[in-house]
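Heads up: the structure comes next, in structure tokens.
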């Protein structure tokens, strides 16, 4: 249970920090954490950056306060796949961080696997 909480906190802090860092860049200030120039070019400085970083901030906060964790993990899964692909094919410098994030996500998905039982039914009946 303690390891699960540590994974939630680490993943929450990573995404909260990345989201806040993105908004710092969006508002024209120097980022407080390392930022990939390729990522900045890819996301631009418009709605895509604001949307992604907004999701990261909300997800980070929800992980830290332990609310809607299974839902947050599903929402983050697509972002994490994109982060890994970006780091593999465009900018390999922060690949280590992408791997850490993917491992934390995988551990938490496994720990919350019972929450997804209803999602993995191929045919459902409406009530």
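The values are calculated or read from the model by the stated rules, or taken from the named source; none is laboratory data. Just so we're clear, the structure is a prediction, and the values are computed from it rather than from any experiment. Ideal geometry is used to build each Cβ from the backbone, glycine not excepted, and the neighbour counts take in all protein chains shown.
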Checklist entry - Under 9 Å by Cβ, and 6 or more places apart or on different chains, what pairs join a residue from the range 107-127 that is without any contact (Cβ under 8 Å) to a residue 40 or more places away in the chain with one that is in a helix (DSSP H, G or I) and surrounded by fewer than 11 Cβ atoms within 10 Å (Cβ to Cβ)? => result 124/118
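Taking the stated definitions as given, is residue 66 under 21 Å from residue 9 (Cβ atoms) and either surrounded by 13 or more Cβ atoms within 10 Å (Cβ to Cβ) or in contact (Cβ under 8 Å) with a residue 12 or more places away in the chain (or both)? Step through it out loud before you land on a result.
Details: under 21 Å from residue 9 (Cβ atoms): yes; either surrounded by 13 or more Cβ atoms within 10 Å (Cβ to Cβ) or in contact (Cβ under 8 Å) with a residue 12 or more places away in the chain (or both): yes.
Answer is yes for this residue.
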Item to check | Positions within the range 89-99 being surrounded by 14 or more Cβ atoms within 10 Å (Cβ to Cβ) and without any contact (Cβ under 8 Å) to a residue 12 or more places away in the chain, in sequence order | outcome: 95
Next on the checklist: Being out of contact with any helix residue (DSSP H, G or I) (no Cβ under 8 Å at 6 or more places or on another chain) and modelled with pLDDT of 80 or more is the filter here; which residues of the range 22-46 pass it?
Outcome noted: 24, 27, 29
Checklist entry - Which number in (1) farther than 24 Å from residue 5 by Cα; (2) surrounded by fewer than 18 Cβ atoms within 10 Å (Cβ to Cβ) marks the one condition that residue 86 misses? => result (2)
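Rundown of residues vs (1) surrounded by fewer than 18 Cβ atoms within 10 Å (Cβ to Cβ); (2) without any contact (Cβ under 8 Å) to a residue 24 or more places away in the chain; (3) out of contact with any strand residue (DSSP E or B) (no Cβ under 8 Å at 6 or more places or on another chain); (4) part of a helix (DSSP H, G or I), yes/no style:
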{"position": "19", "(1), (2), (3), (4)": "no, no, yes, yes"}
{"position": "22", "(1), (2), (3), (4)": "no, no, yes, yes"}
{"position": "33", "(1), (2), (3), (4)": "yes, yes, yes, no"}
{"position": "41", "(1), (2), (3), (4)": "yes, yes, yes, yes"}
{"position": "52", "(1), (2), (3), (4)": "yes, no, yes, yes"}
{"position": "55", "(1), (2), (3), (4)": "yes, no, yes, yes"}
{"position": "62", "(1), (2), (3), (4)": "no, no, yes, yes"}
Checklist entry - Restricting attention to the range 103-113, does a residue exist that is surrounded by 14 or more Cβ atoms within 10 Å (Cβ to Cβ) and not in a helix (DSSP H, G or I)? => result yes
